[in-house]
Structures are given as C-alpha cells and as structure tokens.
Amino acid sequence: MPELEPMEETPERVLVVTPHPDDADFWCSGAIAKWIGGGAKVRYVLCTDGGKGTTDPNISSADLSKIREQEQADAVEALGVQELVLLHHPDGGLEDDDEFRKELVRQIRQVQPDVVLCPEPYRRNLAWHRDHRIAGQVTLDAVFPCARDHLHFEELWRDEGLEPHKTPTILFWGTENADTAVDITGSLDSKVKAVAAHKSQMDGRSPQEVAEFIKQRAQPEEGGSGSDYVEAFRKVTFRV
C-alpha cells in the first residue's frame, strides 16, 4: 500500500451513503465513531433493504429485510450515529436514475455535509456488487453537480425549501487507489461492535473472531506497529 495522507481534522457534518446494511460499518465505522467522539453530527442513508444477502434457503426476502434493517439500526446505535434514513430500495435494485439521484440530493441538501462517504464506483481489478458501483456513482453525481445547483431537481429548492449545497469532500471506501487514512486506533472497539451487530452476515463467527478479523483488516500493510489501525479512502475534493 502506498503511503497514505493522514486525515486528522474532524468534520462537523457527515453523510454516509451505504448500499446495504453492514457495508458502511465494515468500511468506515471506525472513522465515524472517532468523529462522533469529536462532536460530529452523522446521518446514515441506507439505500437498500438488504433482502438478498443470505445463503439460507428457508428465509424470505421480506423477513431478511426486517432483520437486516434492524441490524443496521443496532449498529448505528452502537456508534452513536444521530440519524438513520432508510430508502427501502430492493437489494440489487439500485439504478443510476433520477429517482435515486433526487433522493440523495435531498439528503445532501438537508444535512449540508462537510464530508460524504460512499463506495468507490470505479474498481477495475476486484469484483464489486452492482449496488456498490451504482451507489458510488450516483452519490458522486448527486454531490457534484446536482446538490450544488438549484436548477437540478428545482422542486427540492422550490417546494421543500432545500438550499443548494457545495460538499467539500467525498471519501470513497473500498478503493484500489487509497490516498487518505483515518487513524481508528481509539475507536476500533466501536467499529467491532458495529460490525458484530450484523449477526445475519457473520457466518457463525464468534464476537472474538469478528474482532480479530476487523483488527487484521485495519492494520497498515507496511510500517504498522501491531497496535495502529486505520481506515483507508480515496479522497476527492471540490472547490467551494
């Protein structure tokens, strides 16, 4: 892994766009917990209901959706996230269209975030769920230019009173080209709790196994002391 630029500042307002329950918690909940501890206000936007993510042939999609949305609620409670918004799209059903883009523009204009976190849309060499690709691309387009300009989805401005917003920074998780790191050493336990809340996705792993897995994933590949943990992102900035 190339040397990463540390992100040391704590944003005031953060919007997290997660395709499925557990995605954001796996990839960025250490940063979220750290920032909340520093006073940040955070909203999670859960795009799909997670109703396809199982190998159990005896559960229905409707029942699984209820389980997974509750698991996401439990995870954000463990992190101290102040707001969770559920969009209820079907798992596997996200589309790069005006409906989804408008939903995310609404969230951006409501929150007025300093930082938006979402999946990397442009992975080349590693498989990536279509919902991840689409959520990342639509979030990027919602941030720039759609949330910025009042004539994009003019009805949000005219009818709902949502002023345009220029987001300074996007952090893409799951990227092959990370350039930015957040030190999560002090918030690792919160990340473990958030990930462990997604019991339906743990394949029977014990809490101790989950913790060890998270620690291994969060250690820098080079130069780590064994007690240092980070989350890595590709950072995109916009002129504001």
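With θ taken as phi - 60° and the coefficients 6.51, -1.76 and 1.60, list the Karplus ³J(HN,Hα) couplings across the stretch 205-218 in order, rounded to whole Hz; mark glycine and proline as x.
3J(HN,Hα) across the stretch 205-218, in whole Hz: 5, 6, x, 5, 5, 4, 4, 5, 4, 5, 4, 5, 5, 8.
Subtracting the Cα-Cα distance from 0.36 nm times the residue separation, let me have the gained length for L86 to R239 in nm, one decimal.
Additional length available on full extension: 52.1 nm.
So what J values fall out for the stretch 28-39 if you push phi through Karplus, 6.51 cos²θ - 1.76 cosθ + 1.60 with θ = phi - 60°, rounded to Hz, Gly and Pro as x?
9, 6, x, 5, 4, 4, 4, 5, 4, x, x, x
Per-residue counts of other Cβ atoms within 10 Å, averaged by peptide: what ranking do you get for 84-92, 139-147, highest first?
My ranking of the peptides, most packed first, is 139-147, 84-92.
If a paramagnetic tag sat 7 Å from the Cα of D189 along the Cα-Cβ line, which residues of the stretch 71-93 would have the backbone N under 14 Å from that point?
79, by backbone N distance to the label point.
List the extent of the Cα atoms of the stretch 88-240 along each of their three principal axes, largest first, rounded to whole Å.
Largest first, the stretch 88-240 extends 52, 34, 30 Å along its Cα principal axes.
Put +1 on the Cβ of each Lys and Arg and -1 on the Cβ of each Asp and Glu in the stretch 135-175; which of W157, V138, L171 then has its Cα farthest toward the positive end of the dipole?
Projecting each Cα onto the dipole axis, the largest value belongs to L171.
As a test of the formula, what do you get for the chain when each DSSP H run with n ≥ 4 contributes -39,500 (n - 2.57) and the sum is divided by the residue count, at 222 nm and rounded to the nearest 500 deg cm²/dmol?
After summing the helix terms and dividing by residue count, I get -11000 deg cm²/dmol.
Given charges of +1 on the Cβ of Lys and Arg and -1 on the Cβ of Asp and Glu, with all other atoms neutral, how large is the dipole of the stretch 1-60 about its Cα centre, in debye to the nearest 20?
Roughly 280 debye, rounded to the nearest 20.
Please tell me which of these pairs span more than 20 angstrom C-alpha to C-alpha: K34/K191; K102/K166; K193/K235; K34/K235; K34/K215?
In this structure, K193/K235 exceed 20 Å between Cα atoms.
Defining a contact as two alpha carbons under 8 Å apart and six or more residues distant in sequence, what relative contact order in percent does the chain show?
In percent, rounded to a whole number, it is 27.
Please state the relative contact order of the stretch 60-144 as a whole percent: Cα pairs under 8 Å, 6+ residues apart?
This gives 32 percent for the stretch 60-144.
Between N177 and D97, how many nm apart are label points set 7 Å from Cα along the C-beta direction?
Those two pseudo-labels are separated by 3.0 nm.
Nothing charged except the Cβ atoms of Lys and Arg (+1) and of Asp and Glu (-1): what's the magnitude of the dipole of the chain about its Cα centre? Round to the nearest 20 debye.
Computed charge dipole of the chain: roughly 120 debye.
Using all alpha carbons of the stretch 1-142, what is the percent of pairwise distances in each 5 Å bin, ordered from the shortest bin to the longest?
With 5 Å bins starting at 0, P(r) equals 2, 10, 19, 21, 21, 15, 8, 3, 1, 0.
Grab the eigenvalues of the alpha-carbon gyration tensor for the stretch 66-115, scale each by 5, take roots, and send me the semi-axes largest first in whole angstrom.
Equivalent-ellipsoid dimensions as semi-axes: 21, 18, 7 Å.
In whole Å, what is the distance between the alpha-carbon centres of the stretch 87-140 and the stretch 1-78?
13 Å
All of the numbers you see were taken from the coordinates with simple rules; none came from a lab. Computed from a predicted structure; not experimentally measured. Every residue, glycine as well, gets a Cβ built from its backbone with ideal geometry; the counts of neighbours run over all protein chains shown.
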